[in-house]
Amino acid sequence: MEKTIQVINQLKEEKLILDYAIGGAIASMFYIEVATTFDLDIFIKMNIEKGKLISLSPIYDWLKGKGYLFEKEHVMIEGIPVQFIPSYNELTEEALLNSKSTIYEDTNTKVIRPEYLVAIMIDTFRAKDKERALKFIEAQEINDKLLQTILVKYNLTEKYNNFKKLL
Amino acid sequence: MRIKKEYKEVIVNIFESKKEFHKEKSKLPIEEKIKILLKLQEIAIKANPGKMEGKRVWDI
């Protein structure tokens, strides 16, 4: 995975993205136990001109130029299917902004913090999100005060409390 | 779920040790977790080949 991260870091160095952070199941694995997944989600912040629609083409063109192949919505980067997800709302923008710098093997990278991961799971609320959110709660790997602040800010408290009632 | 009185101590201990086990697994370094993930991917593909079309073990 280190080589994959190095390629993503190059995207930032080339200014094709302003910033990025690992999200999804792989980000969760930085904090809780392993769960099966087959792709690597990368949340990205892009430089967008006001009023223009975003396009991932510059990123894809650069990767194609490096010889990386596309498979449906993924790009195979050094053996890993990577999905680039532009931060699509205020919650994901804030999650990216507050992501945690870390090191994978010998390479710098950034990962979404657990409290934001849980808030995003509560927001998207698919079956796998509920399952993963439950694991975070059980593992007690979240700062409850920070999580509550995020949930209140993004109007997710009721949804979270209803979810917790089912546990 | 209510637990019968005579089973309570044993069951509570089992649940507690399970919780500890999962907590310990959470503390593994991410690099170790990725190695475990590769094994899980292999098992998942072998166990459900029909549902895993297009999925493959990371080639890293």
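Brief remarks on what is shown
- Trypsin sites (Lys or Arg not before Pro) restricted to DSSP loop in the stretch A:93-167 with at most 16 other C-beta within 10 Å: A:126
- Rounded to the nearest whole angstrom, the semi-axes of the ellipsoid equivalent to chain A, taken from the Cα gyration tensor as √(5λ), stand at 28, 18, 14, largest first.
- Each label was represented as a point 7 Å from its Cα along the Cα-to-Cβ direction; for residue A:73 and residue B:17 these points are 4.3 nm apart.
- Longest site-free stretch - chain A; sites: GluC sites (Glu not before Pro), DSSP loop, at most 14 other Cβ within 10 Å: A:106-167
- Put simply, the stretch A:72-143 fits an ellipsoid with semi-axes of 21, 17, 14 Å; these come from the alpha carbon gyration tensor as the roots of five times its eigenvalues, largest first.
- Descending semi-axes in whole angstrom, ellipsoid equivalent of the stretch A:1-91, from the Cα gyration tensor: 21, 17, 12
- Summed residue charge, Cβ within 12 Å of residue A:114's Cβ, Lys/Arg positive, Asp/Glu negative: +1
- Amide hydrogen neighbours beyond the local backbone of residue A:77, cut-off 5 Å, H modeled: A:82
- Size estimate for chain B follows the Kirkwood approach: the inverse of mean 1/r over distinct Cα pairs works out to 14.6 Å.
- Counting only aspartates and glutamates at least 8 places from residue B:8 when in the same chain, those with an alpha carbon closer than 20 Å to its own are B:16, B:20.
- Close amide H pairs (under 5 Å, H built 1.01 Å from N) link residue A:46 with A:18, A:87, residues at least 5 positions away or on another chain.
- Estimated from the Cβ-Cβ distance and a Förster radius of 25 angstrom, the FRET efficiency linking residue A:61 and residue B:53 is about 0.30.
- For the stretch B:37-60 and the stretch A:1-52, distance of Cα centres in Å: 22 Å
Where a number appears in this text, it was derived from the coordinates with a stated rule and is not lab data. As the structure is a prediction and not an experimental result, all values here were calculated from the model. Here Cβ is always computed from backbone atoms with ideal geometry, including for glycine, and neighbour counts include all displayed protein chains.
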